[in-house]
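Written out below as C-alpha cells is the structure these notes cover.
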Ligand SMILES: *Cc1c(COP(=O)(O)O)cnc(C)c1O
C-alpha cells in the first residue's frame, strides 16, 4: 500500500467501537466499570481497558497506532508536546552520570533541554555536524544515546542515518532521531537504521496549526544491554520491548505528559492529508527556492539546490524531496525586516509545518537568547529569513516574495 492509501486504509484506520469512520473524541478523564474486580484486572494489565486518560485513552490510542503504522514501529506513545516527547524519551534511557551525544544546530528547545539535563547529572556532548566518524571519536563507556535531527531547522543539515546507526550499534548504543521536519512522508528513519523516531506533531503531522503534541515511536529492534542501560534494568524481562514498556507503564505515565484527546483527534484528521500536503509543500518550496536563487542579492538555502552541501541526501534519504523549510539571506537585518513586512501571503509567526506559509526573522526571535556562534552554527545570521512553505498556489507565493524583494531594493 502506498503512503496516501495507507493513511486511509491501513490496518489502524478502522475498528472503532461503534463503526465510526474516525476515532470518536473520548474527551473524558476516567472510565467507569461495572465491578471493582473488572477495574482491578485493568490495573493489573490482566484485561484490556482504559482507566484514566493520562495512562490510556482510545482517541489518543488511535492516533498512536496511526503514526506507529506510518513509521513502521513496534509501538508509539503520544505526548503533550514535541519537547515532552524528547525529554521523556531521553529520560527513559539516561540516568545521572550518563552521556548523550548530539549534533549542533538542533531545535532551540532541545538545546535548552540538554542544559536542564546537566542539572540532573546527564551530560550532553555536542558533536558539531553529527557524522559517523565524529561520533566514533566521542563515544565513551558512559554514552547511552546518540540524538540527531534528520533535517535540522533552519540550518538544513542532514544526518546519515545508516552510517550513524552502524557506528552507534557497534558500540551498543541506540540512535534517536527527531524527524519532525522530514515527516514520515519524506523519510522513515526506522527503516534506515534508527532505533527511535520522535516527532513534534504540532508541525507537519497536524498540519493545520491547531494543536501542540508529540510522539515517540520505538522500532522495538534494539538489543538493550541492561548492564549499560541501567535506566531500563527493571524492564529487562521485556528484552527489546524494554523501552516501550518503561515508557508506557513507568516514566511516560509518571512524568505525566499525555496528549489531550481533542489534540489527538485534531492531529489524527490532520495526518490524513499529510501526504497531499507534503507533496504540495515540497513542490512549492522547490519552485520558490529556484525563483529566489535567480536573484543576485539573495542567498538561498534549500536542500534540492545543486549548490547545497547536503544535496546528495535528497535522493539518498529523503525520497527526492527537499522538505518545507527554506531560508534566505537578504544582506542586512534591516532589509530582511523590510522584505518580511511587505509579504502579502506569508504570516509572521513562530511555527513551521502549518499549511499556511509562515515567515520569521530567527536571529531576533528563536535565537534571541543564543550566542552569535550558536546561532550561526544553526545557520542563523542577522540577515536570515526563515520560510515555512504552505500549500498556497506557487505562482502567488513566488510573485509575493519577488515583489517584496524588489520593494526592498527601493
Ligand atoms: C517544534 C519542534 C520541536 C518541539 O516541539 P513542540 O511541539 O513545540 O514542543 C522539537 N523538534 C523540532 C525539530 C521542532 O521543530
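Results for (1) in the same structural domain as residue 149 (by TED's automatic domain parsing); (2) in contact (Cβ under 8 Å) with a residue 60 or more places away in the chain; (3) away from the ligand (no atom under 16 Å from the Cβ), shown as yes or no for each residue.
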| position | (1), (2), (3) |
| --- | --- |
| 29 | yes, no, yes |
| 34 | yes, no, yes |
| 44 | yes, no, yes |
| 67 | yes, yes, no |
| 71 | yes, yes, no |
| 74 | yes, yes, yes |
| 81 | yes, yes, no |
| 97 | yes, no, yes |
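When 318, 326 are checked against the criterion of being at pLDDT 95 or above, surrounded by 22 or more Cβ atoms within 10 Å (Cβ to Cβ) and within 16 Å of the ligand (Cβ to nearest atom), 326 stands alone in meeting it.
Within the set 375, 363, 346, the sole residue that is in contact (Cβ under 8 Å) with a residue 40 or more places away in the chain and either surrounded by 15 or more Cβ atoms within 10 Å (Cβ to Cβ) or under 21 Å from residue 284 (Cβ atoms) (or both) turns out to be 346. No other residue among 97, 72 is within 20 Å of residue 194 (Cβ to Cβ), exposed (fewer than 15 other Cβ atoms within 10 Å of the Cβ) and at pLDDT 95 or above apart from 72. For region 99-119, taking the residues that are part of a helix (DSSP H, G or I) and closer than 16 Å to residue 152 by Cβ, the one that is farthest from the ligand (Cβ to nearest atom) is identified as 114.
When restricted to residues that are in contact (Cβ under 8 Å) with a residue 60 or more places away in the chain and at negative phi, region 216-233 contains 10. Of the strands (runs of 3 or more DSSP E) lying entirely inside region 120-211, not one is found with 1 or more residues being farther than 18 Å from residue 90 by Cα, within 16 Å of the ligand (Cβ to nearest atom) and not assigned by TED's automatic domain parsing to the domain that holds residue 101. Among the candidates 49, 56, the residue that is buried (at least 16 other Cβ atoms within 10 Å of the Cβ), assigned to a loop (DSSP other than H, G, I, E, B) and touching a helix residue (DSSP H, G or I) at 6+ places or on another chain (Cβ under 9 Å) is uniquely 56. For region 291-398, no strands (runs of 3 or more DSSP E) sit wholly inside it while including 3 or more residues that are assigned by TED's automatic domain parsing to the domain that holds residue 105.
The values are calculated or read from the model by the stated rules, or taken from the named source; none is laboratory data. Note that the coordinates shown come from a computational prediction; the quantities given were computed from them, not determined experimentally. Ideal geometry is used to build each Cβ from the backbone, glycine not excepted, and the neighbour counts take in all protein chains shown.
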